[in-house]
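Below you'll find the structure, written out as structure tokens, and then a few comments.
The values are calculated or read from the model by the stated rules, or taken from the named source; none is laboratory data. Keep in mind that what you see is a predicted model, and the values were worked out from it rather than measured. Cβ: placed from backbone, ideal geometry, glycine included. Neighbour counts: every protein chain shown.
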Amino acid sequence: MAVFTGSGVAIITPFYEDTQKVNYEAFKEIIDYQIEHGTDAIIVCGSTGEAATMTEQEHVDVCKFCIDYVNGRVPVIGGSGSNCTATAIELSKEIAAAGADALLILTPYYNKATQEGLYLHYKAIADAVPDTPIIMYNVPSRTGCNMLPATTARIVKEIPNVVGIKEASGDISQIVKIMELTNGDIELYSGNDDQVVPLLSIGGKGVISVVANVAPEAMHDMCRKFFDGDIKGAAQLQFDTLELFENLFSEVNPIPVKKAVNLMGFAAGPLRMPLTEMTPAKADKLKEAMIRFGVKVK
């Protein structure tokens, strides 16, 4: 059984305007909205959730809150990666103990680990939480480190509780190679909202989605139509969400998506520095794209 199939939202973290502390009341509303509109899983404290600007205690607290509030309605996957293996182990142990259904662990950033270092990093974390499934996260544009298909396949084959990968390299040939080397025995999730249907076509389980913050039903339906055999319908939704995707990535994620969630009427609040607010011209284009897609804005 996969950790989840379909669309998992890489959920934003709302902050208060004045203090920039986590706004847990707004977070409840956002979580409920996602579940009510078809999201198949919630991924908390990822890059879209601004985990890089949180203290370790905040990081754990936000994950625990999300797990408790969701209360089994959908799977919750907690981000617990770090460029320090020891830190990733401690985060993983605490978030696993809080009841996360799985952990999402990115490749170590900045250090530029070797492929052997990546293997040992994931092995050390997995050994510390042997009963919790782990989804790796390969996003070279953010980490400066690309995990090669042979390393991905080795990890999945040799470490029992590492079950999948969120692939955001954008390199389709690399992703196809992963599926070849693992004989498809890996839970593959698209890390790019514009490549969902192509990845499903080679055996993917779904997407960990930024767009789902704004259009959860569309991302859920895209996956569901594919799994139900309506390939044409899934492809059409892929095409239909493209303008929304382009505007949600017109500046560095999560700058536009935080703006979008605020435009939807939720108290998503500000970004934490060094992220800055979206430029007015791009914000206007984003709003127009949301309206054309049918998203209600305020």
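Select from the range 231-244 the residues that are surrounded by fewer than 21 Cβ atoms within 10 Å (Cβ to Cβ) and among the hydrophobic types (A, V, I, L, M, F, W, C) and list them in ascending order.
Of everything in the range 231-244, those that are surrounded by fewer than 21 Cβ atoms within 10 Å (Cβ to Cβ) and among the hydrophobic types (A, V, I, L, M, F, W, C) turn out to be I231, A235, F239, L242.
Taking into account only those residues within the range 46-97 that are among the charged types (D, E, K, R) and not in a loop (DSSP other than H, G, I, E, B), which is farthest from E29 (Cα to Cα)?
Per the criteria, the residue is E90.
Between a first residue in the range 262-288 that is among the β-branched types (V, I, T) and a second residue that is at pLDDT below 95, which pairs have beta carbons less than 7 Å apart while being 6 or more apart in sequence or on different chains?
none
Quick check: is even one residue across the range 60-72 surrounded by fewer than 20 Cβ atoms within 10 Å (Cβ to Cβ), in contact with a helix residue (DSSP H, G or I) (Cβ under 7 Å, 6 or more places away or on another chain) and more than 17 Å from A128 (Cβ to Cβ)?
Yes; the residues of the range 60-72 include at least one that is surrounded by fewer than 20 Cβ atoms within 10 Å (Cβ to Cβ), in contact with a helix residue (DSSP H, G or I) (Cβ under 7 Å, 6 or more places away or on another chain) and more than 17 Å from A128 (Cβ to Cβ).
Given the condition basic (K, R) and over 17 Å from the mean Cα position of the chain (by Cα), answer yes or no: does some residue in the range 264-278 qualify?
yes
So which of F239, F245 is within 28 Å of A100 (Cβ to Cβ) and either part of a helix (DSSP H, G or I) or touching a Phe, Trp or Tyr at 6+ places or on another chain (Cβ under 6 Å) (or both)?
F245
Where the second residue is buried (at least 20 other Cβ atoms within 10 Å of the Cβ) and among the basic types (K, R) and the first is in contact (Cβ under 8 Å) with a residue 24 or more places away in the chain and lies in the range 167-189, which pairs have Cβ atoms under 8 Å and are six or more apart or on separate chains?
Here the result reads E187/K205; L188/K205; Y189/K166; Y189/K205, each pair linking the range 167-189 to a residue that is buried (at least 20 other Cβ atoms within 10 Å of the Cβ) and among the basic types (K, R).
Which count do you get for residues in the range 221-230 that are in contact (Cβ under 8 Å) with a residue 24 or more places away in the chain, surrounded by fewer than 22 Cβ atoms within 10 Å (Cβ to Cβ) and not acidic (D, E)?
The total comes to 2.
Report the residue count in the range 255-275 for those that are in contact with a helix residue (DSSP H, G or I) (Cβ under 7 Å, 6 or more places away or on another chain), more than 14 Å from F27 (Cα to Cα) and in a loop (DSSP other than H, G, I, E, B).
Qualifying residue count for the region: 3.
Can you find a residue in the range 8-20 that is surrounded by fewer than 24 Cβ atoms within 10 Å (Cβ to Cβ), closer than 20 Å to M273 by Cα and among the polar types (S, T, N, Q)?
yes
Where residues in the range 26-37 are surrounded by fewer than 19 Cβ atoms within 10 Å (Cβ to Cβ) and in contact (Cβ under 8 Å) with a residue 12 or more places away in the chain, which of them is nearest to R73 (Cα to Cα)?
Once the filter is applied, the top-ranked residue is I35.
Determine, yes or no, whether F245 is in contact with a helix residue (DSSP H, G or I) (Cβ under 7 Å, 6 or more places away or on another chain), of a type in the set (F, W, Y) and at pLDDT 95 or above. Steps first, please.
Working: in contact with a helix residue (DSSP H, G or I) (Cβ under 7 Å, 6 or more places away or on another chain): yes; of a type in the set (F, W, Y): yes; at pLDDT 95 or above: yes.
For F245, the condition - in contact with a helix residue (DSSP H, G or I) (Cβ under 7 Å, 6 or more places away or on another chain), of a type in the set (F, W, Y) and at pLDDT 95 or above - is met.
Starting from residues that are of a type in the set (A, V, I, L, M, F, W, C) and outside any helix (DSSP H, G or I), keep the ones in the range 24-45 and report whichever is farthest from I12 (Cα to Cα).
A41
Taking the condition under 28 Å from A150 (Cβ atoms), at pLDDT 95 or above and small (G, A, S), does G204 pass?
Yes: the conditions hold for G204.
Would you mind telling me which numbered condition in (1) assigned to a loop (DSSP other than H, G, I, E, B); (2) surrounded by fewer than 22 Cβ atoms within 10 Å (Cβ to Cβ); (3) aliphatic (A, V, I, L, M); (4) modelled with pLDDT of 95 or more M1 fails?
Checking M1 against (1) assigned to a loop (DSSP other than H, G, I, E, B); (2) surrounded by fewer than 22 Cβ atoms within 10 Å (Cβ to Cβ); (3) aliphatic (A, V, I, L, M); (4) modelled with pLDDT of 95 or more, the one that fails is (4).
Hey, among I77, I95, which residue is of a type outside the set (F, W, Y), within 20 Å of P133 (Cβ to Cβ) and either free of Cβ contacts under 8 Å to residues at least 60 places away in the same chain or surrounded by fewer than 24 Cβ atoms within 10 Å (Cβ to Cβ) (or both)?
Within the list I77, I95, the selection yields I95.
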